[in-house]
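Worksheet: one structure, shown below.
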Amino acid sequence: MSHRVPLEQYEFLVDQLALQGYAILPNFMPNDFVFQLAQRAKQIQKTGALRVANVGKHMQLNDAIRSDSTYWLDDNSPNVVEQDYFAIMNTVKSQVNRALYLGLDTLESHFAIYSIGSFYKTHLDQFKTDIYKNDDLRKLSCIIYLNEDWRPDDGGELRFYSDFERGQFVDICPQGGTLVAFLSEQFYHEVLPAKRERISLTGWFKTRANSSL
Ligand code: OGA
Ligand code: MN
């Protein structure tokens with residue numbers, strides 16, 4: 001288990017998830033590790049390995065629901081920073097499963113870089129379309145922000161609908177170290193256009209295929 005994140009942070013996470021189905025935790029990740037993850041994302045960006053996010057085969061760019069670029073992580077990567085990320089997420093998984101019996105199993109994760117003006121329109125993380133396979137197995141979404149000194153006028157907030165039908169939402173600044181976690185099938189959210197480059201690392205825990213859920 002990684003010692004980078006204090007145990008009480010996982011307890012805050014589990015408590016908030018149990019109470020409301022989502023959790024917003026500023027400073028979940030320590031600054032030095034946020035910095036290392038951001039450096040890693042920028043290094044990947046420099047090598048040209050980021051890909052324009054999937055907007056669907058037959059869509060015009062204008063119709064795109066998102067305009068960020070992503071890089072999918074491999075949990076066998078020899079990179080130590082990525083390994084530490086997976087170790088932390090493994091602790092998230094075991095703590096959440098122990099307390100909430102969500103049956104979290106595998107994790108898929110990507111870095112996302114939003115260039116200036118990029119956005120991601122309102123969506124659920126289970127699309128139930130054929131764009132992504134097996135999205136209906138996504139159970140818990142975990143977003144970690146990697147941006148230093150994000151200011152209110154930088155835009156790029158995560159608009160998180162705590163109750164979509166009633167129009168209730170919170171706008172969350174993508175400040176480095178903040179973790180936002182929520183039940184993937186339940187909560188609509190969108191990324192407002194960013195006025196400066198915006199980096200996040202998102203992981204989705206899936207349940208086992210063919211489970212009866
Ligand atoms: C996503 C997503 C939000 C964010 O990748 O599905 O909603 O704030 N990301 O990066
Ligand atoms: Mn999403």
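The values are calculated or read from the model by the stated rules, or taken from the named source; none is laboratory data. Computed from a predicted structure; not experimentally measured. Cβ: placed from backbone, ideal geometry, glycine included. Neighbour counts: every protein chain shown. Just so you know, the surface numbers come from the protein's heavy atoms only, side chains and all, with ligands and any DNA or RNA stripped out. Shrake-Rupley method; radii C 1.70, N 1.55, O 1.52, S 1.80 Å.
For Leu140, the criteria (1) open to solvent by less than 10 Å² (accessible area, probe 1.4 Å); (2) without any contact (Cβ under 8 Å) to a residue 12 or more places away in the chain; (3) closer than 25 Å to Leu7 by Cα; (4) not β-branched (Val, Ile, Thr) hold in every case but one, which is (2). When segment 91-102 is examined, which residues are found to be touching a residue at least 60 places away in the same chain (Cβ under 8 Å), open to solvent by 40 Å² or more (accessible area, probe 1.4 Å) and more than 17 Å from Val5 (Cβ to Cβ)? Leu100 - this is the single residue of segment 91-102 that is touching a residue at least 60 places away in the same chain (Cβ under 8 Å), open to solvent by 40 Å² or more (accessible area, probe 1.4 Å) and more than 17 Å from Val5 (Cβ to Cβ).
If the condition is being among the small types (Gly, Ala, Ser), under 24 Å from Leu102 (Cβ atoms) and assigned to a strand (DSSP E or B), then segment 154-191 contributes Ser162, Ala181. Remark: Gly177 matches the filter, which requires a residue to be away from ligand 2 (no atom under 16 Å from the Cβ) and either under 27 Å from Gln95 (Cβ atoms) or buried (at least 21 other Cβ atoms within 10 Å of the Cβ) (or both).
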